Amino acid sequence: MVSMTAQTSRPRTRRIVVGLVTAAVAVGVGHLVAAIIEPATAPLAVVGQAAIDMTPEWLKSFAIRTFGEDDKTVLLIGMALIVTIGAAVLGIVAAKRPRRAFIGLLVLGTIGAAAALTRPGASPIDALPSIVGALAGAFAFSRLHAASGGAPRAPADGETSGEPAPGEVPAASGLLDRRRFVRATMGGAAVAVTAGALGTFLGQRTDADDSRLAANIPEPTSPAGEVTGAGLDVAETQPFFTPNDRFYRVDTTFVTPSLMADEWSLRVHGMVEREITLTYDELLARPLIERDVTLACVSNEVGGKYIGNARWIGAQLAPLLEEAGIDPASDQLFSRSVDGWTCGTPTSVVMDGRDAMLAVAMNGEPLPIAHGFPVRMVVPGLYGYVSATKWVVEIEATTFEREAYWVRRGWAQEAPIKTQSRIDTPRAGASLPAGEVAVAGIAWAQHVGIDAVEVQVDDGPWAAAELAAEDTPDTWRLWVYRWQAGPGDHTLTVRATDRSAATQTEVHAAPFPDGATGHHTIDVRVA
Ligand SMILES: Nc1nc2c(c(=O)[nH]1)N[C@H]1C(S)=C(S)[C@@H](COP(=O)(O)O)O[C@H]1N2
Ligand SMILES: [Mo]
């Protein structure tokens, strides 16, 4: 006996399965083809990247605020959900009109191909993963559709599901029909999984990793020297240098660019007397400086974690631009990453004597791939989006008429880092025993320097915190305030004063469009 629900629900389940397997074959095969051509051209990757680039500013800020560095994972999960739901819907609506499935795949394949072809530096074969994926999906659909019995007839009143209607081929009888469908489904799923797994395996290109491991960074001509006393003897607060694997990461790339050092070159052009093209070896042969610089992201909320301090090795930018004979009328250096992200840095800042560099090493290692291997820019004192181009391949001397990636999305054209401070310990909401509590954290005013940090308990007076030694004005400064904590609920607030004698404003501003302001405040409970 077959129950009424089974009888009516089976065709729908089948239709959904047909849709899902079709989509899985399309995505899996597309992924495999992309792994052979270039992983970043996979259908989901190009659409994900397009989604990132087309996201309106408010939604992007929301995503960064809400999901932090997991924003790409959230996007991936969102895309997986959309694909799954879309595939199920397509399976249902195409069951009676298979042409709809082919049209759907044609549309999706075209979107994927268009997204792939509009990537910076795209070549025509980049459209192949989406096209081949869509074709594979169409083939899978035609097989599955046939095996699912084609356009299912509506069960007539009183009919039991196992009996073929008069005139139907005997092979389509319930059991055989079912077997055939299961076999087709398993076949499709096997193709999807195999292609997906093979693509993932092949896509794990170790070329860039190998190239990075083989990179040999020469000793800097101008070393940074010992840092003494810049750290703090307080457990749970920041180390002075942020380890590479804990360094914040912010970029717009959906698939991390994978560049080999010996493929890399930098083109310096635009408003210059002579264009310069530099290879990795030529860059390493230049005099190298080693400097400690604290990077910060403009998206950092007050109290946020998008800040890190590292020791960088690189070649100074200013002499290179002088060699190129930069036109004094150029007020913007427009740099471009291999994946097309762009960045506008004031020429005057890069040329003013600070240690603006093309960095090749971070904390004693070749640049990690996620942080821009083989070469990135580092400019002390400016937020990352106007200075810190990772995977940099081009610097064009130009004027501020050109608008870089984030400027086109409304962020400020010039963005010096604002003086800020943060409490790292105790944690917000902590319960503490009464007695001495080490309140500690960081304060930063890159390229200006921090002169004082003060802490306020509840509505009390501002009291001076103890400052760890200054490494250079380009780095953050650690501080500690030894607080005699009495029982009760307390609010702790911090503020910094920089070397220009400016004290942080208490006026709260959001990160958009040129960096957050306001005091970092936490609540704690003392028992
Ligand atoms: N190619 C590329 N470089 C980039 C970005 C990017 O999206 N793409 N983001 C910038 C931003 S907004 C910041 S804050 C810094 C972050 O550098 P990190 O990821 O090494 O910490 O990189 C900058 N360089
Ligand atoms: Mo940033």
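The values are calculated or read from the model by the stated rules, or taken from the named source; none is laboratory data. What you see is a predicted model; the values in this text were computed from it and never measured. Cβ sites come from the backbone with ideal geometry, for glycine too, and all protein chains shown count toward neighbours.
Odds and ends about this structure:
- Those residues of region 440-489 which are more than 34 Å from the chain's Cα centre (by Cα) and not in a strand (DSSP E or B), in sequence order: 458, 459, 460, 461, 462, 465, 486, 487
- Qualifying residue in region 278-297 (condition: within 16 Å of ligand 1 (Cβ to nearest atom), among the polar types (S, T, N, Q) and surrounded by fewer than 18 Cβ atoms within 10 Å (Cβ to Cβ)): no
- Within the set 80, 114, 136, the sole residue that is crowded, with 18+ Cβ neighbours inside 10 Å and either in the same structural domain as residue 176 (by TED's automatic domain parsing) or free of Cβ contacts under 8 Å to residues at least 12 places away in the same chain (or both) turns out to be 136.
- Tally of residues being among the small types (Gly, Ala, Ser) and in a strand (DSSP E or B) across region 349-390: 2
- Region 337-348: number of residues that are part of a loop (DSSP other than H, G, I, E, B) and hydrophobic (A, V, I, L, M, F, W, C): 2
- Screening residue 229 on (1) at pLDDT 90 or above; (2) surrounded by 15 or more Cβ atoms within 10 Å (Cβ to Cβ); (3) closer than 30 Å to residue 360 by Cβ shows it passes everything except condition (2).
- The lone exception for residue 391 - which of (1) within 14 Å of ligand 2 (Cβ to nearest atom); (2) under 13 Å from residue 335 (Cα atoms); (3) crowded, with 21+ Cβ neighbours inside 10 Å it fails: (1)
- Meets criteria (part of a helix (DSSP H, G or I) and more than 30 Å from residue 149 (Cα to Cα)) for residue 74: yes
- Residues of region 373-384 classified as within 11 Å of ligand 1 (Cβ to nearest atom), under 17 Å from residue 262 (Cα atoms) and touching a Pro at 6+ places or on another chain (Cβ under 8 Å), total: 1
- Only one of 397, 370 that is in the same structural domain as residue 269 (by TED's automatic domain parsing), touching a residue at least 40 places away in the same chain (Cβ under 8 Å) and away from ligand 1 (no atom under 13 Å from the Cβ): 397
- From the list 375, 349, 386, 360, the lone residue that is surrounded by 23 or more Cβ atoms within 10 Å (Cβ to Cβ), modelled with pLDDT of 95 or more and closer than 24 Å to residue 328 by Cβ is 386.
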